[in-house]
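What follows is one structure encoded as structure tokens, with my remarks underneath.
The values are calculated or read from the model by the stated rules, or taken from the named source; none is laboratory data. The structure displayed is predicted, hence computed values, not measured ones. FYI the Cβ positions are ideal-geometry reconstructions off the backbone, even for glycines, and counts take in every protein chain you see.
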Amino acid sequence: MPLAVSFATIAVLLSIPATAEELAKDEISKKISQLSDIEIPNTNAGTLVQTPTQDSNVITITGVRANSTEKGLEVILETKQGEQLQITNRSTGNNFIGDITGGQLQLPNGDGFTYRSEKPTEGITEITVANIDANTVRVTIVGEKVLPVVELFDDDAGLVLAVASTTTTTAAQPPETPPTEEQPATQTPPEEPAAQQDEPIELVVTGEQDGYRVPTATTATKTDTPLRDIPGSIQVIPRRILEDQKTTRIQEALENVSGVRKQGNYGGSDAGGYNIRGFAQDGNFRNGFSDSDFYSSVDTANIERIEVLKGPASVLFGQAEPGGIVNVVTKQPLSTPYYSAELNVGNYGFYRPSFDISGPLTDDGSVLYRLNVAYQNSESFRDFNFTERVFIAPVITWNISDRTSLTFDLEYLNNDYLFDRGLPSIGDRPAPIPISRFIGLPESVYNDSSLRLGYRLEHEFSKDWQLRNAFSFVSGESSSDAYATGGRPLVDNQFSPISVGREEFTRKIYTFQTELVGKFKTGSIVHQPLIGVELRRNTWEYTSFDAAEPILLDIFNPNYDVDLPPIPDEAYFYTTRRDTLGIYLQDQITFADNLKVLVGGRFDTFQRKDTELGETTGEESLSAFNPRVGIVYQPIQPISLYASYTQSFQPDRFFDRSATNEPFKPTEGTQYEVGIKADISERLSATLAAFKITKANVITSDPNDPDESIQVGEQRSRGIELDIGGEILPGWNLIASYTYTDAITSKDNDITVGNRLTNVPEHAASLWTSYELQSGDLKGLGFGLGLYYAGDRYADLNNTSVLPSYFRTDSAIYYKQENWRLALNFRNLFNETYYETSQSRNIIYPGAPFTVIGSFSIQL
């Protein structure tokens, strides 16, 4: 059956075939020029191939057959009018998803409107063909490890989708490789088929993840596992959401996730930590490595997705707070040339140009690169405040063979800003002064710089066994030639003591990991073991020159034109070094297709040495074992019921000492969690979780002095969380959450038992939804709406100061065509006065008033 164009067969591949790479460029151009009736998408298009519909009537697909072939299998959609159907790619992760417009599935065998085949061939776990509306049939082919290679044909039998077995395609994609707008090729393409008269013309295109749902993640298990098979709550924020919301701080992106709040703001540097399920996590992880154990700025330019694992994560990641971790997954090189540039401008003098380029460095495509660069300059609604930032992140991947790859990556970030400790409290509320008022002196300018570099080597011994070896180095420096900051208790409820001096703070993290991942069977039971060893060294160096007496600043009538007191030449300095060895073992056990168990444990040994003014002030050695066990039961395929138990530990940071200079004990966390996960549709999913976490030996900021720490006996957090994300209808995306958290001090000699933990509202909710017109003259026009609510929170453990509840509204409007996008994003649309977070009752950070960002991006 001939198609509407001048050739007999079209093949559309979702990975890059060797035939396309080996054809001469002029031959490719000659063949593609024949496709005058086909719209050829660019690298960011969602449509694979689209031919004009010749008849407005719905075409009936009367049968579906799956036949084995030498290279895999063929899925045949039986119809006599296949040339009139339109095919749109909606692939994501390991799932090939093709929407066939203009057809309806009507099976004669009594199944009605759905065809399903489980494990039809090697590397393919499931094939589903189903009606999703009155005019569209969706074909879903789920790959076990990688996105399946699919060729689309038309013949007398109907539409034919040729699915290649993984034994004839590529090695598994590295688990750390995120789903991107263009699928990174870290594998060797399949062999070119023998030439024939009707050899298909292969259009080299890449699939776009165009929704808000990501079905798999690596953070929870360090393997690319479907979310529904993980006995725990893990939420993923894909790149698409960052772009739709024009996010420049990952703390803003995390507002879309239940149970996660901003924790502090470290002087207004956009380097605050996170509060997850009631517990503060100062640092985050990057591609599975500890990125910082203190506040650290992270730029969003090269973020592919953000994965939030809730609950204790020490089994795989070692030292961590029991609330959970945030893992930033970065962009990886692409196998086809990709060029993107963007300019963002907004009020408060904000402007931010950036570009993202990628492609092969060698003719054979074995060496790939990616480069992200961004510059940001802005003022603020806060007096005297400013930020100037430079960011660069190159990545190179060398596909040494079809089984071995080596990736090098580097990030450099330089950030200049005014150190700003926000507003103090008077009584039980933030001080009644304008939220723009700066409590400090404008001389308090800081420079932060960070360098991140490392490598990742991956080798496959076979299709079931893989070795991973990786190294990460993180270095961060923060310094000020003249700081003058507030944050101390007010004098007479009017004057803020301003500390004056100069300081330098350097942090370094060296991490070396080796992991073996495999798969084997014991009878009918499938095991997927992970064995890992991690060596980590953290070093901190701090030097300060502090004036003897602070300056008193009237917060109601500030005078910033004052002389700084003399800064002494004598320095105070201390250092700390922490060495950790961790050995961990995990097994993902599949007893049946609907029954899975996850078990694991990690043993850590930890040594610390502190020096102060050149003298050793403390040495400590300890060890810890943290187990995890979880079970997932799926009564029906779209529903997963799970339960889990897990533990965590966290040694105290080097400056956390008692008043007698004795080191504090490590904290210990224990969590029980149950939940249900539902795939509402193939592109929309939800997670409902209930949890209880107990944390012993807790260390927190002293409510009377933010530079000191205290240790309380025990804290307990329990709650319910609901997260929904994905595509409701074509073009209509949604991410929403609701959180109930009861986080209290449960045992203490000084703090009242029952006091709520800081920065944790009892109730919080968020919703962001966007809709893009799919047809007509205004196709590409889109709208976004965001609603964010947080209840009352306390600024301190003594519950003496309340951050009032707030309801914030964001919105967006955009228009995009094939390779460009124009947008306006509005944050705090109704100019609500609210307070984001606190570090103590005297350090409260207000939220920004009405903000607008205009952006233009183009891809080539």
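Please tell me if residue 619 is at pLDDT below 90, of a type in the set (Asp, Glu) and surrounded by 16 or more Cβ atoms within 10 Å (Cβ to Cβ). So residue 619 fails the test. Quick check on segment 392-399. Is at least one of its residues of a type outside the set (Lys, Arg), over 27 Å from the mean Cα position of the chain (by Cα) and buried (at least 23 other Cβ atoms within 10 Å of the Cβ)? There is no residue in segment 392-399 that is of a type outside the set (Lys, Arg), over 27 Å from the mean Cα position of the chain (by Cα) and buried (at least 23 other Cβ atoms within 10 Å of the Cβ). Only one entry in 791, 782, 854 is buried (at least 19 other Cβ atoms within 10 Å of the Cβ) and touching a strand residue (DSSP E or B) at 6+ places or on another chain (Cβ under 7 Å), namely 782. Residue pairs whose Cβ atoms lie under 6 Å apart, separated by 6 or more positions or on different chains, with the first residue in segment 458-470 and in the same structural domain as residue 533 (by TED's automatic domain parsing) and the second of a type in the set (A, V, I, L, M) and in a loop (DSSP other than H, G, I, E, B), are 460/171. Of the residues making up segment 97-117, none is at pLDDT below 80, under 30 Å from residue 332 (Cβ atoms) and not assigned by TED's automatic domain parsing to the domain that holds residue 455. The condition of being in the same structural domain as residue 425 (by TED's automatic domain parsing) and at pLDDT 95 or above holds for only one of 567, 531, 551, that being 531. For residue 408, the stated conditions do not hold, so it cannot be described as outside any strand (DSSP E or B), of a type in the set (Phe, Trp, Tyr) and either in the same structural domain as residue 502 (by TED's automatic domain parsing) or closer than 22 Å to residue 555 by Cα (or both). Within segment 444-459, the set of residues being of a type in the set (A, V, I, L, M, F, W, C), surrounded by 16 or more Cβ atoms within 10 Å (Cβ to Cβ) and modelled with pLDDT of 95 or more comprises 457 only. A count restricted to segment 587-630 and to residues that are farther than 19 Å from residue 669 by Cβ and among the hydrophobic types (A, V, I, L, M, F, W, C) stands at 6. Listed here are the strands (runs of 3 or more DSSP E) enclosed by segment 156-265 that have at least 3 residues being under 30 Å from residue 533 (Cα atoms), modelled with pLDDT of 90 or more and assigned by TED's automatic domain parsing to the domain that holds residue 307: 234-238. For segment 740-760, does any single residue satisfy the condition of being within 22 Å of the chain's Cα centre (by Cα), closer than 30 Å to residue 239 by Cα, of a type in the set (Ser, Thr, Tyr) and at pLDDT 95 or above? Within segment 740-760, none of the residues are within 22 Å of the chain's Cα centre (by Cα), closer than 30 Å to residue 239 by Cα, of a type in the set (Ser, Thr, Tyr) and at pLDDT 95 or above. Does residue 479 meet the test of being part of a strand (DSSP E or B), surrounded by 21 or more Cβ atoms within 10 Å (Cβ to Cβ) and assigned by TED's automatic domain parsing to the domain that holds residue 365? In short, no. If you scan segment 568-593, which residues turn out to be farther than 24 Å from residue 516 by Cα and β-branched (Val, Ile, Thr)? Answer for segment 568-593, where residues must be farther than 24 Å from residue 516 by Cα and β-branched (Val, Ile, Thr): 575, 576.
Scanning segment 540-560 for residues that are part of a loop (DSSP other than H, G, I, E, B) and surrounded by 15 or more Cβ atoms within 10 Å (Cβ to Cβ) turns up 547, 550, 555, 558.
Residue 837 - would you say it is crowded, with 16+ Cβ neighbours inside 10 Å, of a type in the set (S, T, N, Q), within 24 Å of the chain's Cα centre (by Cα) and over 22 Å from residue 213 (Cα atoms)? Considered against the rule, which asks whether it is crowded, with 16+ Cβ neighbours inside 10 Å, of a type in the set (S, T, N, Q), within 24 Å of the chain's Cα centre (by Cα) and over 22 Å from residue 213 (Cα atoms), residue 837 comes out as yes. The single residue among 328, 308 that is within 26 Å of residue 375 (Cα to Cα), touching a helix residue (DSSP H, G or I) at 6+ places or on another chain (Cβ under 9 Å) and not in a helix (DSSP H, G or I) turns out to be 328. Taking (1) farther than 30 Å from residue 532 by Cα; (2) small (Gly, Ala, Ser); (3) in a strand (DSSP E or B) in turn, residue 280 satisfies each apart from (1). Listed by position, the strands (runs of 3 or more DSSP E) contained in segment 779-860 that have at least 1 residues being at pLDDT 95 or above, assigned by TED's automatic domain parsing to the domain that holds residue 764 and farther than 21 Å from residue 758 by Cβ are 781-790, 806-816, 820-827, 851-859.
For residue 434, are the conditions met, namely being surrounded by fewer than 16 Cβ atoms within 10 Å (Cβ to Cβ), under 30 Å from residue 551 (Cα atoms) and outside the structural domain of residue 266 (by TED's automatic domain parsing)?
Yes, satisfied.
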